[in-house]
Structure formats: structure tokens, C-alpha cells
Amino acid sequence: MTDFDAVLFDLDSTLCVSDQNEEALIADAFDRVPVEQYCTLDDIIAAVDGIPTAETPHEFYEFCFAAAARDAGVEEHHASDLATAYEACLDHSAVSFRPGAEAALEAANGTSLGLVTNGDETTQSTKLDALGIADTFDTLVFVDPRNGVPPKPDAAPFEKALTELGATPDDALHVGDSLRADVAGANALGIDSVWVPNEERVTDSAPEPTYTLSSLAEFPSLL
């Protein structure tokens, strides 16, 4: 049993998963442009670490397609058009709870609860409303680079959440699925990290989480 004053959760692939087939979404985007498909979901995931900070969702998707094109040796990447087509295919309300997520939120209910997500307010609020948990958290921190909130693993979103909760890193716990964004970001600030893997590749240089769970159903045992 461990006592924490504040628990922070990531959203995408941690508390919820998309009901849409992401491979099909990418294929649909290429069909709409139309351009011969030069990357898959795995290619885009592999390229994400090397992209600059985006100020809008469209810019993020554009950077992803452009980076995947560079990795594939494709010069005419049509990244902006593909980003527009990809966004047109997305339904941000088509999300479901990841197994164990509701039990994890209920277990953390006695602490100050924060959401720290690498998504913009409009997109992520749609998901929270669809899940019915918009009012569950005491603070919501969305990515907003124009107003000083860059994406994780930057310390800023974690610091903003803790300040709004009146908590310190020593008394906080962050739960996420990404070693690069969630675990590395929390560790750098001295926040205990909980890693709940969701098909992420693990490298030798990966940061070490404080706790590793195979499912969020195991989370209540930490509290």
C-alpha cells in the first residue's frame, strides 16, 4: 500500500482506446488524396520521436507524414493534404475504456486527480465526454504550445497539473502507456511513474518506470 496525494493519468491508450482501425484510417487518407501509400501505422509511430513540437493537431499529423516520407525516401510526401484527409476520417468520439480503466479511476478517487494528455483541448474533451468522465478530474492539462504547455515528456504539463492540485512531485503518481512521454517525463520531475504497456517497442535506452502493470486492473493494489 502506497499513499499519494495526487494521481495523474494519461488519456490515449492509457484510459481509452480508439474504436476505429488506425491502419484503415491511414489507408483511407492516402486514398482520398490520392497518393500511393508510402507508410503504415508502425512507420508513423517510429517517426514520431523525431518530429518538432506541433502547435495544432493538423500540424502534428503533417509532421508525422512528412517524417515517415523522409524515412521511406519519398520526396513528394503531400503531408499537408494527407493530414487534412486523415483528420476528415477521424471520429474522436469513437473511443472505449481500456480494460481496467474504470476500476483504476475509482481506486484513485480518494486522491486529487489530474489528466495530463498530449492532445489539444477540443480533441481530448470530445473523448472525455464520450467516456462520461469529463467531471472526474480536479484538473485537466492539455497540450497548448502557444501558451507554454508543450507535450510530454516536457516538465511543463506535469508541473501545471501539480500546481493546480496543490501537490508536489514526491507525493504524486503518473500513469501512462508511453515510456518516452509518460515515464521519462514523470521520472525527470521526480514523480513516481506507472507504465501500462500498450504495444510499445522497448529499447535498451528506455527509462525505467517505478511500477509496471500488465493491466490497469492491477492499479488499485498500488493504492
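The values are calculated or read from the model by the stated rules, or taken from the named source; none is laboratory data. Worth saying up front: this structure is predicted, and the values here are computed from it rather than measured. Virtual Cβ from ideal backbone geometry, glycine too; neighbours counted across all protein chains shown.
Quick notes on this structure:
- Residue within region 74-89 that is outside the structural domain of Pro207 (by TED's automatic domain parsing), surrounded by 17 or more Cβ atoms within 10 Å (Cβ to Cβ) and on the phi > 0 side of the Ramachandran plot present: yes
- Residue match in region 90-99 (condition: farther than 26 Å from Pro157 by Cα and outside any loop (DSSP other than H, G, I, E, B)): no
- Test: Glu62 is charged (D, E, K, R) and in contact with a helix residue (DSSP H, G or I) (Cβ under 6 Å, 6 or more places away or on another chain): yes
- Test: residue in region 117-140 that is surrounded by fewer than 20 Cβ atoms within 10 Å (Cβ to Cβ), assigned to a loop (DSSP other than H, G, I, E, B) and among the hydrophobic types (A, V, I, L, M, F, W, C): yes
One line per residue, one yes/no per condition, for (1) over 17 Å from the mean Cα position of the chain (by Cα); (2) charged (D, E, K, R):
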{"residue": "Gly114", "(1), (2)": "no, no"}
{"residue": "Thr123", "(1), (2)": "no, no"}
{"residue": "Pro169", "(1), (2)": "yes, no"}
{"residue": "Asp177", "(1), (2)": "no, yes"}
{"residue": "Arg180", "(1), (2)": "no, yes"}
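- The criterion of being among the β-branched types (Val, Ile, Thr) and more than 22 Å from Ser18 (Cβ to Cβ) does not hold for Ile133.
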